[in-house]
1. Hey, can you tell me all the residues within the range 59-74 that are surrounded by fewer than 17 Cβ atoms within 10 Å (Cβ to Cβ) and more than 14 Å from the chain's Cα centre (by Cα)?
2. Looking only at the range 10-27, filter to residues that are under 16 Å from residue 126 (Cα atoms) and surrounded by 18 or more Cβ atoms within 10 Å (Cβ to Cβ); which one of those is farthest from the chain's Cα centre (by Cα)?
3. How many residues are more than 12 Å from residue 106 (Cα to Cα) and either at pLDDT below 90 or surrounded by 14 or more Cβ atoms within 10 Å (Cβ to Cβ) (or both) if we restrict to the range 75-84?
4. So, in the range 37-54, of the ones that are hydroxyl-bearing (Ser, Thr, Tyr) and not in a loop (DSSP other than H, G, I, E, B), which residue ends up modelled with the highest pLDDT?
5. Evaluate the following for residue 32: is it touching a Ser or Thr at 6+ places or on another chain (Cβ under 8 Å) and either loosely packed, with under 12 Cβ neighbours inside 10 Å or at pLDDT 90 or above (or both)?
6. May I ask you to list the residues in the range 87-113 that are part of a loop (DSSP other than H, G, I, E, B) and over 23 Å from residue 38 (Cβ atoms)?
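The values are calculated or read from the model by the stated rules, or taken from the named source; none is laboratory data. Bear in mind that the values here come from a model prediction, so they are computed numbers and not experimental data. As a convention, Cβ positions derive from the backbone with ideal geometry for all residues, glycine included, and neighbour counts pool all protein chains shown.
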Amino acid sequence: MIDTNAIIKSYLATDAALTALVSTRIYCPRLPENATLPAIGFFTRGGTSTPYIPEIPEPSVQFDCWASSPIMARQVYRALYDALQGIQNVKVGSSYILSAREEVQGQDLIDESIPNYFRVLTFFEIMIR
């Protein structure tokens, strides 16, 4: 079975525009407590696969783009979007991201229980081999 989370994290860690904003703060499945911002947390929330080609899963992945202001959270989201939307046949280690497309556009959210933590929530479908 392919570790899709590790492949996604490895790919995102190579994107210069994204890492210029979040550095190495790309976490799976969630941000650690008291994480430095800005940062990204992501996890696989489901997806599809076919029994005829089990080595090509298509996880649906939730991304949370966190920052200390709503404007910065939106900037992190835009960098994530640019890194993923429409990519095809990108080699990551011994695997490939065959395609990625946004399922739900970024939603600006404010977590009232955590002061000064703002996020943009989005979902991507990513096909991996």
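1. If the condition is that a residue be surrounded by fewer than 17 Cβ atoms within 10 Å (Cβ to Cβ) and more than 14 Å from the chain's Cα centre (by Cα), then 68, 69, 70, 71 are the ones that fit.
2. If we take residues in the range 10-27 being under 16 Å from residue 126 (Cα atoms) and surrounded by 18 or more Cβ atoms within 10 Å (Cβ to Cβ), then 11 is farthest from the chain's Cα centre (by Cα).
3. 2
4. Of everything passing the filter in the range 37-54, 44 is modelled with the highest pLDDT.
5. Answer is no for this residue.
6. Within the range 87-113, 93, 94 qualify.
Residue-by-condition table, conditions (1) touching a residue at least 12 places away in the same chain (Cβ under 8 Å); (2) out of contact with any strand residue (DSSP E or B) (no Cβ under 6 Å at 6 or more places or on another chain); (3) not in a strand (DSSP E or B):
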{"residue": "29", "(1), (2), (3)": "yes, no, yes"}
{"residue": "32", "(1), (2), (3)": "no, yes, yes"}
{"residue": "35", "(1), (2), (3)": "yes, yes, yes"}
{"residue": "56", "(1), (2), (3)": "yes, yes, no"}
{"residue": "61", "(1), (2), (3)": "yes, no, no"}
{"residue": "66", "(1), (2), (3)": "yes, no, no"}
{"residue": "79", "(1), (2), (3)": "yes, yes, yes"}
{"residue": "82", "(1), (2), (3)": "yes, yes, yes"}
